[in-house]
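Structure first, commentary second.
All of the numbers you see were taken from the coordinates with simple rules; none came from a lab. Predicted model, so just to flag it, every value in this text is computed and none were measured. All Cβ positions, even for glycine, are placed from backbone atoms using ideal geometry, and neighbour counts span all protein chains on display.
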Amino acid sequence: MSATKRPTDKKRRSAGRLMMLIVWIGVKVLFVPVLCILALLAGLGIGYAVLGKQEWSDVFDWNTWKHMYDLIFEGSR
């Protein structure tokens, strides 16, 4: 008694399996950029709040980073 072989034709994929493949590829493509953004935010928080001994709430304030930018590039204009 032998087992029946499944067709290896890749054109005959079900819709659910194709959707799962698309989702999996999307997860793989977005995984590294999301990790990079999380690492950037963690680095900003640790550098500003822990090392700089400032308030955590100021880390994500736009005026804080504008002020730092102005301090760094003050004489270049």
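With neighbours defined as other Cβ atoms within 10 Å of a residue's Cβ, the residues Thr4, Thr64 order from fewest to most as Thr4, Thr64.
Taking Cβ atoms as reference points and 15 Å as the exclusive limit, the residues near Trp24 contribute a net charge of +3, counting Lys and Arg as +1 and Asp and Glu as -1. Each residue of region 48-62 is assigned a 3J(HN,Hα), and the resulting list reads 7, 8, 7, 6, x, 6, 10, 6, 4, 5, 7, 4, 9, 8, 5 Hz, derived from the Karplus form 6.51 cos²θ - 1.76 cosθ + 1.60 (θ = phi - 60°), x at Gly and Pro. When Tyr48, Tyr69 are arranged by Cβ crowding within 10 Å, least crowded first, meaning fewest neighbours, the order is Tyr69, Tyr48.
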